[in-house]
1. Enumerate the amide H contacts of F441 below 5 Å, restricted to partners 5 or more residues apart or on another chain; note that Pro and chain-start residues carry no placed amide H.
2. Within the range 271-335, report the GluC sites (Glu not before Pro) that DSSP leaves as loop and that have at most 15 other Cβ atoms within 10 Å.
3. Given labels modelled 7 Å from the Cα in the Cβ direction, how far is it in nm from R450 to R661?
4. Determine ³J(HN,Hα), in whole Hz, for all residues of the range 341-355 in sequence, where each value follows from phi through the Karplus function 6.51 cos²θ - 1.76 cosθ + 1.60 and θ = phi - 60°; x replaces Gly and Pro.
5. Output wanted: per-residue J couplings in Hz (rounded whole) for the range 60-67, from phi through Karplus 6.51 cos²θ - 1.76 cosθ + 1.60, θ = phi - 60°, x for Gly and Pro.
6. Given a Förster radius of 30 Å and the C-beta distance between R266 and V289 as r, what FRET efficiency does 1/(1 + (r/R0)^6) yield to the nearest 0.05?
7. Beyond 15 Å, what percent of the Cα pairs of the range 280-345 remain?
8. Quick one: what are the phi-derived ³J(HN,Hα) couplings along the range 297-304, Karplus 6.51/-1.76/1.60 with θ = phi - 60°, whole Hz, x for glycine and proline?
Amino acid sequence: MKTTKVPYRRTGKTKTLNAMGMRPMQARAYEARRAQHLILKAPPGAGKSRALMYIGLDKLANQGIRKVIVAVPETTIGASFRPTDLVSAGFFRNWEVERRWNLCLSGVEAETKSRKVRVFRQFLDSASEVLVCTHATLRLAFDAIVAEHGIQAFDDCLVAIDEFHHVSASEGNRLGTVIRQLLARGQAHVLAMTGSYFRGDAVPVLRPEDELLFQSVSSSYFEQLDGYEHLRSLDIVYSFYADTYVTALPDILDPGLKTIIHIPHRGSAEACDAKQVEVGAILDCLGRVLHRDPVTGFDHVETPDGRILKVADLVDDAPGREIVKAALTREIRRPDGTRDDEADRAKVDVIIALGMAKEGFDWIWNEHSICIGQRASLTEIMQILGRVTRDAPGKMRARFTNLVAEPRVGTKAITDAVNDMLKAIAGAMLMEQVMQPGFRFYRREANDAREPVSMTADGVIQVGIRGLAEPPTDRARAIIATGMDDLVAAACQRMTLATIADATTPQLVTQVVLGEVVRDAHPGLTPEEIDAIRQDLAARLAIFALARDPAPQDEAEPEDRDPQSGPRAKLPGLLRQVRKLINVVELDIDLIEGVNPFRHHFDVNSKNFDAPLLQRVRSLLVAKRTRMTEEEARTLWPRIKLFRAQVGREPDPGAADALERRLAEALAWIRARKAEKQRETAREPVEA
């Protein structure tokens, strides 16, 4: 199987330690340790957990902070914050967490919510300094403690939120409300950590006025991978099957690789049976099940060549799953306390998961991540891909495979869609924003005084449409508010060559095809609910199409639109707003190498994701979002050359220094203009 190859130089720079034992990213974060509010954006495996330890310990010792509260999205991630020896590497103090204050440990995690809240209260009254809990526990304990003692109970505390993209500016997001209350009080310190820069929806993590309070430290995904010591290449494959995913899995699943298999969401098109039945089918693909280990909960499977594989089932939510989770998080160590690499690697071979083993899941030996089913959220894809990109001794190559149902379109349409996704992944690796803007549509009456097109404070574009059906129920309103990204992705897959032919009427697309998309994604909706959601979906697709239209429309006047045939208006303000965002469709770069047919599926593979290619993608992305005149670019060009001569590298568009960022934007803009002129020259007719 030919796959996408992403080679790295393996410089080992990300593991080069300073005098205090810090990697470069951790050292940059530590330099900003005195910031009261700090956002740390760094890829999986970059060492965000340890960066928190350094910062938290300094705040306890030197900044008047009395408590450090670490909140993670799920209990399995709590192991990343276990007691850690930092002194031997040169730091002034070790990271210590007493077992009773780590509410994510096996045994503790099974306690009731009320019990955890009581322990949280006891921690605040104790002399201990560090507590680790889940986001849910923090929310519950915060409400209870504030109601009883007031928000001042959290004064002089550092509240660290891991996987910060779970926070939302939405009023309904309780974790976001907790953060906003702490920021408003102004007496607590907040450290936000995330490896997923993209949210995938229209609601920002923080309100603009709150985000201004934070100092940001970021590290590029590719910067991290390029400096690894062991990992040489990352392969990316998009596989499409025609029957069920189980029939294609034997061609994709290599029992010789340490593998995580993410089975599809329940209710998705790729789910072919009950989750337990699907797990059984995957085990059959591996070999013959022998028995289940009572100590670890792992299934032992004999392969056809006689090897014994240890398989961890995280799909079955029976009580035995806690045993499996505990065995996975238990690192095997030598008597001297160092990790026993050989024994720890041999602990488990395959993990089968549903909604787990993604963000923050630390299995460094993972060599192959198989994501079954369409994931509309780029955040989720990057989380799954991030599990396989951890550096580990003996791990020279890693692979990510997305196995999805074959859409009913031609191969050209599929390769175009994969190319767009690969561009989005490249953008995510470079920490660039490439997501579509968010929209909210409302029914516009004849005497409506509101602007037809406006943008809310949280960045959502509001559009009024005459005759638009209002969602009749809470369920329909919830789908429109939070589920439209999935529907847009499903609609793009559903379009057939006949549907997009010139002879096809718009009514067929907006009424029949989109209606089927909504009905299939959300069974049980009433006709009125389907129609309201369908009209919203049609409006989004039409506006995306208008935004890609090269025809000059910026000066046209808004027109009424017929919701039955889709928006037809020329919306100058809206289109200008949409075009300000980076749209991967518009990036002129081809990442597809070819298509490989197999018996039950076919693969779409890309070109090599090497450093020069990612540099080109980054330049395109930065240029796309940069507003600059030719005069300014000419003025900055001498400074760009001086910067390269003095610093020995090109300016970084993610740098903290504003001048360096602008120099990087100018360089990207100049390169884009140069490439554009070269294309124009190539298109000019040759005179006889």
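1. Close amide H contacts, sequence-distant or interchain: V463.
2. Working: sites: E278, E302, E322, E331; in loops: E331.
Hits after loop and neighbour filter: E331.
3. Using points 7 Å along Cα→Cβ, the separation is 3.2 nm.
4. 4, 5, 5, 5, 5, 7, 4, 8, 10, 9, 10, 10, 9, 9, x
5. For the range 60-67, the Karplus curve yields 5, 8, 10, 10, x, 7, 9, 9 Hz.
6. Working: r = 23 Å, r/R0 = 0.77.
E between R266 and V289, to the nearest 0.05, is 0.80.
7. Numbers: 1255 of 2145 pairs.
More than 15 Å apart: 59 percent of the Cα pairs in the range 280-345.
8. So the Karplus estimates, Gly and Pro as x, are x, 7, 7, 9, 10, 8, 7, x Hz.
The values are calculated or read from the model by the stated rules, or taken from the named source; none is laboratory data. Remember, it's a predicted structure, so these values are computed and weren't measured experimentally. All Cβ positions, glycine included, derive from the backbone under ideal geometry; neighbour counts span all protein chains shown. We work out accessible area using only protein heavy atoms, side chains counted, and drop any ligands, DNA or RNA first. Shrake-Rupley method; radii C 1.70, N 1.55, O 1.52, S 1.80 Å.
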